[in-house]
Amino acid sequence: MNYRFRRWIVLLVACVLLVPILIYISGWLLVGPYEGESGLFGLVTSIYGDALTGSLSTWFLLLSPMLLVLIWSICAWMRSNINGWIAKNI
């Protein structure tokens, strides 16, 4: 398996597993304890339940760190191509 592909798979799994936990911790620190059933387990169940029903906002929430890495990678690739083009033409 390609190293780059494996890295994206690891990032995908980390996003899906860690984002709900980070949401719970940041919410607990900023606004207080989660008022739903079962605390962290209830929040995680709610997020994954919404994701399984096809909620686009939930999928965007879960995959937003991966989207940021993708945008950052595209910007770095564009910058290197622009710098290469400038070096050739100047």
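The figures follow:
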{"quantity": "For region 19-81: rounded, prolate or oblate by the Cα gyration tensor [a/c cutoff 1.5]", "calculated": "oblate"}
{"quantity": "Length-normalised contact order for the chain - Cα pairs under 8 Å, 6+ apart - percent", "calculated": "29"}
{"quantity": "Farthest toward positive dipole pole in region 3-89 [+1 Lys/Arg, -1 Asp/Glu at C-beta], among Leu63, Val10, Leu43", "calculated": "Val10"}
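Every read-out reported here was derived from the displayed coordinates using simple, explicitly stated rules and does not represent laboratory data. Please read these numbers as outputs of a predicted model, since none were measured by experiment. Cβ atoms come from the backbone with ideal geometry, glycine included; neighbour counts cover every protein chain shown.
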